[in-house]
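Working notes for the structure below.
The values are calculated or read from the model by the stated rules, or taken from the named source; none is laboratory data. Only a predicted model underlies this, so the values are computations on that prediction, with no experimental measurement involved. Methodologically, a virtual Cβ is constructed for each residue, glycine included, from the backbone with ideal geometry; neighbour enumeration extends over all protein chains shown. SASA here: full protein model, heavy atoms, side chains in, ligands and nucleic acids out. Shrake-Rupley method; radii C 1.70, N 1.55, O 1.52, S 1.80 Å.
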Amino acid sequence: MKSVYYHLLLLAGMLCAASGLTRPICPPQDGQRQSLTSVKADTEHQPYETVAVHNVGKLAMTLTNYGVFGSGSYTPLVDPLTGLEAPSLEYPQNKNVNYLFQMQLWVGALVGKDTLVSTAGGEVYAVSREFWPDSFPSGDIVYRSISNPNAPEFDSAISQQDFIAYYMDTIIDPNLTHHDHYTNRYHQAIGVKVTQRSYAWGYDYAEDFLLVDLDVANITFRNISNVYIGLYVDNDIGKTTHDSYGNDDWAGFKKTTPSKYIAGLIDTINCAWTADNNGEPDPVSGQFQGLNSPTSIAAISILRTPRKNDDFNFNWWAASWYQNYNWGPMKAPAEGEPVHTFFGDYGSPHSDGDKYYMMANDEFDYDSWECQYDHTSQGWLPPPPNSWGIHNGADVHYLISCGPYSIGPGQSIPLTFAVVMGQHFHRDGVIAPYPTRNFSDLELNALWASWVYDNPGVDTDGDGYRGECHVYGIGGHSAKPYPYDPQEPASEYEYVDTLWYRGDGVPDFSGAAPPPAPEFSLDAWINDKNQGIIDIYWDGMTTENTRDQFNQSIDFEGYRVYLSITGMAGDFDLVSSYDMDNYDRWEFDDDYEEWGIVYAPFTRAQLQGWYGENFDPDKFYDIDNLFPFYNIRTGQDEFFYFTRHDWNQSSLTDTTLIHKLYPLEPPPPTLDYDSARIYYPDVLTEDGKFKYYQYHYRLRRLLPSQPYYVSVTAFDHGDPAKNLTPRETPPYTNAQREFAQNSAAKVEAEGLNVVVYPNPYRIDGRYREHFEGWEQPDLPAERTRAIHFANLPHKCVIRIFTIDGDLIREIFHDYPQGAPGSSHDQWDMISRNTMTVMSGIYYYVVDSDMGKQIGKLVIIM
C-alpha cells in the first residue's frame, strides 16, 4: 500500500488496538449506527465517532464527524446505513480505483505563548486525533435530502445528500488525544467547534463533485488570534486490488483556465490536484482498462475563504521513511538565517510548531513533476538527490492553508471547498510527458462546482449586485452570436442576451432546476361503455414564466403527463408530451475538432428570421446534409446542421394530445392579473386565469374502479453552453390519486347504474401484479383480494347473497356528500362469518334513496 514507513505505523496502530485504545469495526446491529474506533466504548459520554458516504453521483466518498475525509485508516470503515465497507474515494463508484486515503482539517493559532495546531490525526496515521464529536445522539451525523418531499429528511435539505456533523478540539483526555512523541507534549485545545456541512447531487452537471462548507467557531471567552485553517491531503491513487499503490503520484495547483464559453475570459478554479503518474496501463498491451484504470484526476477547489480574495498557501512534499527522500520545496531563507527543517526532514511536518510553520509560510509550491529542475533563481532551495524519482511520481502529500485571522468569542470563520474529479487526465494508453495531460474535464467540473456554490446572475443578498456577465447579440444579418457592441444601433441585432459567468459572492448551494410543475385538477367519470375517463386541467402561467434560479433565463420547454398504478418513484409511465417547436444548431469546434451545440435551442421562427422565411431546418439534419451560410459580419462561410430539441411534439390543437383549451388565444398583453382584470378582461377565464395558459389532456379507457396516480411535469431545454442537459420535475412529487369513476353527486343526479369490477373475478387474473394489494405487500394474496363497486350514491347499503338467497355480507357505505371516494366501495370476498367465499354465482343488492339495484357477480377460484 505505502512504503515501509506506513507499514510500521500500521503495526503501531494494531498494537494500539490490542492494548484497548481502539476497537475493530463491526456491522451495525438492529439498524443502529456503529461507532468506529471508540475508546472506552461503554462509557456513557464517550465521543460518538461515525461516518457517512456520499454516493448519489459518480463518486463515492467517506467523510467523518471528526475532521477526516476519506477513510484515513487501513482498517476498513463501515457505512452505518448499509453495513458495507465505506469507500474512501472511488471514482467512478464500484470500480476498485481509489483517489483518496485521507484529507484532514487543521486549525492553528497562537494561544498565549503556545503555538497550537489541532488536527484530525497524525500526518500519516490518525493515532493522535484532536477533533472529537459529542456523545450519541447529539454527536451523530445528520442526514437530509431533497429527493423525497414526503420524507422527514426533506425538511431544510439543500441537496440530494446533505450530511451535517459537529466536532470540537476541547477534549484533552490523553487516552483519546495521545501525545506528540516528537515534543512529548499532550494536546492543548485552541477552543474551536467545527460545523461541517457537505452536499452532493446526482444530476449530470454535478455528479463529479461534492461541496463541503466548514464553519470554525470560537467557543471560548477569549479572542483567538493568528488563526490559520488548512486542508492536509494524502491521495494515494491506484487500483485497490494492487498490492502497492499510492507511491507514484503527481501533485500540483491549477489556478485558472480559459473560459469554455466566452473567448478571452479567464476563469478562476483554484484547484490543488493529484493524479497517478501514468494511469497504470496494462503492462502487456500498454492500454488502459477502461474505468478500471486510475486515469482520472482528483482535486480540492477552494471556493470561499474567511476574507474575500484571500491568498492561500500551497505546500506539497514526498513522504518517505527515509529522511533524504522525505522532501518538499522550500523557499531559501534570508541571508544568515538557518533553513527550517522538520526534525531533520524537509518534507513532513511533525509537531504543532512544524505544522503551523507550514500553514503560515506564505509559499506556493511549483508542481511536483517540475522538481527535477533547479528553481534556485526563483528563490527556492536546490532540488534533492532523488528529484527524478519524485518527478516520475511519489507518495505526494499537500497542504492548502489560509490566514491569519482573529476570531472573537462566539464568532466563526468559514472555509468552503469542492472535492472535484475529472476524467481522461490520461488518454489512449500512451505514456507521454506531463504537459500533454488533459485537465479539461476537471476544469469544467470545477467551474460547475463554483456555479452551484454561487449561482451566476443571482442576487442572493438583495443588494442589487448579480455578479459578472457577458452580453452578446444575434444580428439580423448575422448567423452566429457575437459579442454585443452597445455602441452599435439596436437595429443591428435580432436580440441581445446575457451570459452570467460569476455570482455575487454570496453562497447559494443551489443547482439548476426545472420549471415548477403546474398545479392541476382532475375530473374523473365513466362513459356509457363503462370505461373510466380522467380529464386533466392545468394552468401554465407560472410554469412558463419562471426564471431558472441558476441561469436566470426562462427556459421552459414543455409538459409531460404520467400515469402510475402505485404512485411510487420509478413506476410512472409517460402518457403524453408537449414540447416547443425548436432546434439545436450544431457547429464545428476547430479547437476540439468536433461538432457540438453551443447555444440554447432556437425556435423555427428565429431560424427563419435569420436564414429566410422558407428555411426548413429538417432538411439539414447531419454532417452529410449541412447548411452553408455566408456571415457578412465576419466575412466567413459557416456550416451548420440542426436536430430537433426533444420531439417537437408542438401541436396544441389535437384534442387526443396535450392541447390548449383556447388554441386561438394570443399571448396576453400583460401578466399582471389586476391590470388584466381592469384593461383586458377578455384574456381571462371566468375564474380569473389567463386563457392563453389553459391546458387539457384526457386519459381514456381506464378501469372504472382502479385508483390511478396522475402527474403533470414540466421540463426545460437545458443549457448546452454550460453542458447542462434538460431538467424535469420528478412525476412522483406532485402526483394526485384519483379513481376513474363518476362522482356520487353525478350518480345521484343522473341515476347512473352501479358498476362491478372485476366481474367475473378470477383467482388466476393476476390482479396483484397491477393494482390489487400493492399498498400492503406484506399481506398474503388472499387478504388483498377485492371486488369493486363503482357508481354508488354517497349513502347506501350493499348486500351480497348466494344464488339460494343466503346473506353472505352486508356493507354499509356512508360518506358525506362530495367526499373523495364517496361513489366507490369494495368487498374483500370474506363472508360475515369471516370465511373466504367459494367459487360460484352471487347476487348483490344496492339499497339507497334511489331505490334498489340488483346485479349478478361471478367468482372463479
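If I filter the stretch 268-290 for residues that are open to solvent by 10 Å² or more (accessible area, probe 1.4 Å), under 24 Å from residue 230 (Cα atoms) and within 31 Å of the chain's Cα centre (by Cα), do I get at least one hit? Scanning the stretch 268-290, I find at least one residue that is open to solvent by 10 Å² or more (accessible area, probe 1.4 Å), under 24 Å from residue 230 (Cα atoms) and within 31 Å of the chain's Cα centre (by Cα), so the answer is yes. Looking at the structure I just gave you, is residue 430 outside any loop (DSSP other than H, G, I, E, B), modelled with pLDDT under 90 and surrounded by fewer than 19 Cβ atoms within 10 Å (Cβ to Cβ)? The answer is no for residue 430. Reported count of residues in the stretch 707-749, each being within 24 Å of residue 537 (Cα to Cα) and more than 22 Å from the chain's Cα centre (by Cα), is 20.
Within the span defined as the stretch 845-854, every residue fails to be open to solvent by 20 Å² or more (accessible area, probe 1.4 Å), within 54 Å of the chain's Cα centre (by Cα) and in contact (Cβ under 8 Å) with a residue 24 or more places away in the chain.
The set of residues from the stretch 722-738 being out of contact with any Leu (no Cβ under 7 Å at 6 or more places or on another chain) and either open to solvent by 40 Å² or more (accessible area, probe 1.4 Å) or modelled with pLDDT under 80 (or both) comprises 722, 724, 725, 726, 728, 730, 732, 733, 737.
Would you confirm whether any residue within the stretch 237-259 is touching a strand residue (DSSP E or B) at 6+ places or on another chain (Cβ under 8 Å), free of Cβ contacts under 8 Å to residues at least 12 places away in the same chain, surrounded by fewer than 23 Cβ atoms within 10 Å (Cβ to Cβ) and not aromatic (Phe, Trp, Tyr)? The answer is yes; a qualifying residue exists.
Looking only at residues in the stretch 756-782 that are of a type outside the set (S, T, N, Q) and in contact with a Ser or Thr (Cβ under 7 Å, 6 or more places away or on another chain), the one that is modelled with the lowest pLDDT is 774. Among the criteria (1) at pLDDT 95 or above; (2) under 30 Å from residue 498 (Cα atoms); (3) out of contact with any Lys or Arg (no Cβ under 8 Å at 6 or more places or on another chain), the one residue 642 does not fulfil is (3). Every condition in (1) part of a strand (DSSP E or B); (2) within 26 Å of the chain's Cα centre (by Cα) holds for residue 252 except the one numbered (2).
I'd like to know if the stretch 791-803 contains one or more residues that are without any contact (Cβ under 8 Å) to a residue 60 or more places away in the chain, out of contact with any Ser or Thr (no Cβ under 7 Å at 6 or more places or on another chain) and surrounded by 19 or more Cβ atoms within 10 Å (Cβ to Cβ). Within the stretch 791-803, one or more residues are without any contact (Cβ under 8 Å) to a residue 60 or more places away in the chain, out of contact with any Ser or Thr (no Cβ under 7 Å at 6 or more places or on another chain) and surrounded by 19 or more Cβ atoms within 10 Å (Cβ to Cβ). All conditions but one from (1) more than 26 Å from residue 563 (Cβ to Cβ); (2) hydrophobic (A, V, I, L, M, F, W, C); (3) out of contact with any helix residue (DSSP H, G or I) (no Cβ under 6 Å at 6 or more places or on another chain) apply to residue 684; the one that does not is (3). Condition check for residue 368 on (1) within 30 Å of residue 187 (Cα to Cα); (2) in contact with a helix residue (DSSP H, G or I) (Cβ under 7 Å, 6 or more places away or on another chain); (3) polar (S, T, N, Q): one failure, at (1).
Of all the residues in the stretch 90-122, those that are crowded, with 22+ Cβ neighbours inside 10 Å, under 20 Å from residue 228 (Cα atoms) and among the hydrophobic types (A, V, I, L, M, F, W, C) number 8. Looking across the stretch 495-544, just one residue is in a loop (DSSP other than H, G, I, E, B) and of a type in the set (Val, Ile, Thr), and that is 506. Any idea how many residues of the stretch 130-182 are part of a loop (DSSP other than H, G, I, E, B) and among the aliphatic types (A, V, I, L, M)? Qualifying residue count, the stretch 130-182: 7.
If you go through the stretch 285-317 and pick out every residue that is of a type in the set (Ser, Thr, Tyr) and within 23 Å of residue 104 (Cα to Cα), you end up with 3. What residue, of 799, 809, 832, 785, is modelled with pLDDT of 90 or more, of a type in the set (Lys, Arg) and in a loop (DSSP other than H, G, I, E, B)? Going through 799, 809, 832, 785 in turn, the sole match is 832.
If you go through the stretch 303-312 and keep only what is open to solvent by less than 50 Å² (accessible area, probe 1.4 Å) and either of a type in the set (Phe, Trp, Tyr) or modelled with pLDDT of 90 or more (or both), you end up with 303, 305, 306, 312.
Would you confirm whether any residue within the stretch 138-160 is at pLDDT below 90, more than 25 Å from residue 729 (Cβ to Cβ) and hydrophobic (A, V, I, L, M, F, W, C)? No, that holds for no residue.
Whenever a residue of the stretch 186-204 is on the phi > 0 side of the Ramachandran plot, its partners that are of a type outside the set (Ser, Thr, Tyr) and surrounded by fewer than 24 Cβ atoms within 10 Å (Cβ to Cβ), lying with C-beta atoms within less than 6 angstrom and at least six residues away or across chains, give the pairs 191/219. For the stretch 164-179, the condition holds for no residue, the condition being that it is in contact with a helix residue (DSSP H, G or I) (Cβ under 6 Å, 6 or more places away or on another chain) and open to solvent by less than 30 Å² (accessible area, probe 1.4 Å).
Among the residues of the stretch 674-716, the one identified as open to solvent by 10 Å² or more (accessible area, probe 1.4 Å), small (Gly, Ala, Ser) and part of a loop (DSSP other than H, G, I, E, B) is 688. Out of everything in the stretch 399-427 that is open to solvent by 30 Å² or more (accessible area, probe 1.4 Å) and under 20 Å from residue 442 (Cα atoms), what residue ends up being modelled with the lowest pLDDT? Selected residue: 427. Scanning the stretch 564-600 for residues that are among the small types (Gly, Ala, Ser) and either more than 25 Å from the chain's Cα centre (by Cα) or surrounded by fewer than 17 Cβ atoms within 10 Å (Cβ to Cβ) (or both) turns up 564, 569, 570, 576, 577, 596.
Within the stretch 551-588, the set of residues being more than 23 Å from residue 512 (Cβ to Cβ) and part of a strand (DSSP E or B) comprises 561, 563, 564, 573, 575, 576, 588.
Residues are listed down the side, and each one gets a yes or a no for (1) open to solvent by 30 Å² or more (accessible area, probe 1.4 Å); (2) not in a loop (DSSP other than H, G, I, E, B):
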residue	(1), (2)
301	no, yes
314	no, yes
321	yes, no
333	yes, no
336	yes, no
349	no, no
357	yes, yes
390	no, yes
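Is there any pair with a first residue in the stretch 628-650 that is among the basic types (Lys, Arg) and a second that is crowded, with 16+ Cβ neighbours inside 10 Å and not in a strand (DSSP E or B) whose Cβ atoms are under 6 Å apart and which are 6 or more apart or on different chains, and what are they? Close Cβ pairs satisfying both conditions: 633/478. Restricting 634, 603 to those that are among the hydroxyl-bearing types (Ser, Thr, Tyr) and open to solvent by 50 Å² or more (accessible area, probe 1.4 Å) reduces the list to 634.
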